[in-house]
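Taking it in order: structure first as structure tokens, then the write-up.
None of the figures in this text is laboratory data; all of them are computed from the coordinates on show. Predicted model, so just to flag it, every value in this text is computed and none were measured. Here the Cβ is made from the backbone with ideal geometry for all residues, glycine too, and neighbour counts use every protein chain on show.
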Amino acid sequence: MNLRAEGVSKSYFRKTGEANFFVAVQRTDLTLEGGQVTVLMGRSGSGKTTLLHMLAGLLQPSEGKVFLENTDLYALEDQALSRLRNEKISVIPQSRSAIETLSVRENILLPATLYGHISGETERQAQAWMDRLGILPLADSRPRELSGGELRRMAIARALVSRPAVILADEPTGDLDDENTILVLDVLRESARAGAAVLLVTHENDALKYADVACRMDQGILRIC
Amino acid sequence: MKAWKLPLRNLARKPGRTAALIALTAFLALSMFAGSVVALSLRRGMSSLENRLGADVIVVPVSAKSKVNLDEILLQGATGYFYMDAELLPQLAKESGVAQLSPQLFLASLRASCCSVAVQVIGIDQDTDFTVQPWISRSYAQRLGEMDVAVGSKISADVGENIILYETRCHVVARLETTGTAMDTCVYCSMETLRALLEAARGLNHDLKISGDPEEVVSAVYLKVQEGMDPQKVADSINLQRKFKKVQAVRTKSMFTGIADSLSGVSRTIGLLVVAVWALAVVLLLIAFLLSANERKREFAVLRLLGTSRRMLAGLMWRETALCSLMGGVLGVALAALILFPFAGLIEHSLGLPYLMPAAPTMALLAAASLAAAVLVGSLASAWATHRLSRVDPGTILREGN
Ligand SMILES: Nc1ncnc2c1ncn2[C@@H]1O[C@H](COP(=O)(O)OP(=O)(O)OP(=O)(O)O)[C@@H](O)[C@H]1O
Ligand SMILES: [Mg+2]
């Protein structure tokens, strides 16, 4: 499957100089191919997260459309879009995203729980990912007991359990040490090899080694390198 | 874990928030249930009093005012007696506008060795009575025989037992339904039985201050006026005539005005109290939801990110609050019941007004309505807070405060 942005842009109402609105992302075309890792780099505030959220169906673009294969995401009703996101598109957000009242294991199983997809197989998957990412001993802890890097790996495990067609990772290695950074990058590349379309937003120059496609964002303008 | 357990988990893991919500809704249900039960009991007490009195005008001796007021006996449960000449009866019957009339004869028993209880004893003329008879007939279908008495619900004597009044054995044949009025503390018998008791009292040297033949006295005459006649006019006309100078006619309505006034005062206070409590609780509830919704903004955005639709989110939130307010509602109604039932006597006493609690089905209905109202208010508040939040794109919330 591929995820395609066609002419998407995002502007915000905000006083900037003489203009009344601020363009966070200029009209952009981007295709994330299944089986490939697309690395997106760029300075802080250049619009990377904004683009990623639009690709995920989480932020309505000011113009343009986003397609998953032939489905226009923003033409869908909220219920259909939500279900599609649950089953096909996994997001690893830049910020903390744990549900505090659930244990680490329950957080990881939450996407499957929502639509009653829990099975012995999903539980085994969750177990395996926690093990691989080194957070298995924390499975029954509460999120507030975890460090930033541990929470990050929890979010990564949560994104991978459902074997999504698209993985959108927003600085997934942000608070990780070198060893874990390599582990996470490896894991994402494996997912791509298994068929997923992976977008990796990062400041990590090492990540370029994992890229099938690399792009740069500069003041809202996307360039494929 | 199953999806439906999510709300339960949230409730269990945020005990402070949960307890506050439960307490707030308990407060709502309690005030609504207790307020409506008390208000309804007062209204029922009043209409029961009106029904039981059932007369438009009551004629009593002028001297009754100086000794014991009739309204004190009938409305406040005082005991006393006064007498007037029975010869007035045919004259009153001839008065224009009078449709029906029936005499009653009073005697107060004493808290002394001669009597087993100190009560107001009322003799009724079973051939003409139209006020007490319908009430008695609901528990006792026959005429009251010689030395038979029917007792009000607050008198501790059972059917089949005897009570001793002026060393005379009286047979309890019926216990009357509760009216919530002073009549529940009275004992009723036939005119003949009461005359026998009068004799017995005189035999025991009690000065009943009867002038004339004790066989020829009555205490009060109950009048019903003809359809379309103004009871006040009938009473005024009686009061103006010389032949009736030893008696006075009182409109029963005017006996009620005191009660009706304090009743509407009390009702208004209860109403205001309930409205105030509700306004306060609803405002607190909205604030609580706004605060918790703000605190949970991120949680909602994450749930949306993971594929929860707006409708699912609203459902999850609704179940959480509905559960809370249901628990709160049950708690509130239970607390109200714990106050209302064991302390009914105390409430009645401190209000000093006729007080007749509604029957079980009505109570159940009021309880259910209070519960439903608590759940409804909780649900609306939560729906409002959820709606406010889910209008914003989750992407925007997720970006905030990185
Ligand atoms: N809701 C909003 N209202 C106004 N401006 C916004 C809003 N969301 C984003 N922006 C602006 O859009 C620009 C791009 O933001 P974005 O979060 O996409 O940057 P980024 O490339 O992800 O940065 P970083 O690397 O720091 O995460 C920023 O200048 C930001 O201030
Ligand atoms: Mg960003």
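For this structure, a couple of remarks:
- Per residue, the convex hull spanned by the Cα atoms of the range A:3-224 amounts to 129 cubic angstrom.
- Selection from B:Leu11, B:Pro103, B:Leu323 lying farthest towards where the dipole of chain B points positive, charges on Cβ: B:Leu11
- Rh by Kirkwood over Cα pairs, then Stokes-Einstein D for the range B:194-271 at 0.890 mPa s and 25 °C, µm²/s: 151
- Inter-part distance where the range B:277-302 and the range A:1-68 are each reduced to a Cα centre, Å: 33
- Ordering A:Arg158, B:Arg44, B:Arg169 by the number of other Cβ atoms within 10 Å of each residue's own Cβ, fewest first, gives B:Arg169, B:Arg44, A:Arg158.
- The range A:55-149 - charge dipole about Cα centre, Lys and Arg +1 at Cβ, Asp and Glu -1, debye rounded to 20: 220
- Prolate/oblate/rounded label for the range B:19-123 (Cα gyration tensor, a/c 1.5): oblate
- For the range A:147-157, backbone phi angles converted through the Karplus equation (6.51, -1.76, 1.60; θ = phi - 60°) give residue-by-residue couplings of 7, x, x, 5, 4, 4, 5, 4, 5, 5, 4 Hz, Gly and Pro being listed as x.
- Computed from backbone phi with θ = phi - 60° and the Karplus coefficients 6.51, -1.76 and 1.60, the 3J(HN,Hα) list for the range B:21-34 is 5, 4, 4, 4, 6, 4, 4, 4, 5, 4, 5, 5, 5, 4 Hz; x is used for glycine and proline.
- Considering only A:Val91, A:Leu176, A:Val8, and ranking their Cα positions along the charge dipole of the range A:3-224 that arises from unit charges at the beta-carbon of Lys, Arg, Asp and Glu, the one farthest toward the positive end is A:Val8.
- With the simple spin-label model, which puts each label point 7 Å out from Cα in the Cβ direction, the B:Asp261 to B:Ser113 separation comes to 4.7 nm.
- Leading residue at positive end of dipole, the range A:3-224 (Cβ point charges), from A:Thr101, A:Gly195, A:Leu76: A:Leu76
- Linear extension gain, B:Arg138 paired with B:Lys233, 0.36 nm per residue minus alpha-carbon span: 30.8 nm
- Averaged over the residues of peptide A:46-58, the number of Cβ atoms from other protein chains lying within 10 Å of each residue's Cβ is 3.
- Residues A:His203, A:His53, B:His206 arranged by fewest to most Cβ contacts within 10 Å: A:His203, B:His206, A:His53
- Whichever lysines have a C-alpha closer than 21 Å to that of B:Lys14, once near sequence neighbours (fewer than 8 apart) are set aside: B:Lys2, B:Lys5, B:Lys297
- Between the Cα long axis of helix A:120-132 and the first principal axis of chain A there is an angle of about 80°, rounded to the nearest 10.
- Taking a ≥ b ≥ c as the square roots of the eigenvalues of the Cα gyration tensor, chain B is classed as prolate, since a/c reaches at least 1.5 and a/b is larger than b/c.
- Cα-projected label distance for A:Tyr115 with B:Arg13, points at 7 Å along beta-carbon direction, nm: 2.3
- Hz values of 3J(HN,Hα) by residue in the range B:250-256 - Karplus curve (6.51, -1.76, 1.60), Gly and Pro given as x: 10, 6, 4, 3, 6, 5, 7
- Amide H contacts for A:Ala197 (H built 1.01 Å from N in the peptide plane; partners 5 or more residues away or on another chain; cut-off under 5 Å): A:Gly35, A:Val166, A:Ile167.
- Peptide A:73-86 has a mean of 3 when you count, residue by residue, the C-beta atoms of other protein chains within 10 Å of its C-beta.
- Database remark: amide H of B:Met147 closer than 5 angstrom to the amide H of B:Thr193 (H placed geometrically; neighbours at sequence offset of 5 or more, or on other chains; Pro and chain starts carry no H).
- Helical contribution to [θ] at 222 nm, DSSP H n ≥ 4, -39,500 (n - 2.57), averaged over chain B, rounded to 500: -18500 deg cm²/dmol
- The magnitude of the dipole of the protein assembly as shown, with charges of +1 and -1 set on the Cβ of Lys/Arg and Asp/Glu and taken from the Cα centre, is near 1580 debye.
- Spatial offset of the range A:132-187 relative to the range A:80-123 amounts to 13 Å, using the alpha carbon center of each.
- Spin-label pair B:Thr396-B:Glu72: with each label point 7 Å from Cα along the Cα-Cβ axis, the two points sit 7.5 nm from one another.
- Crossing angle, helix B:360-390 versus chain B [Cα axis fit, 0-90 degrees, rounded to tens]: 20
- Distant-in-sequence amide H partners of B:Ala78 (H built 1.01 Å from N, under 5 Å): B:Ile73
- Computed from Cα positions, the angle between helix A:178-193 and the longest principal axis of chain A comes to roughly 80 degrees.
- Ranked for footprinting exposure by Cβ neighbours inside 10 Å, fewest first, B:Val62, A:Val37 give B:Val62, A:Val37.
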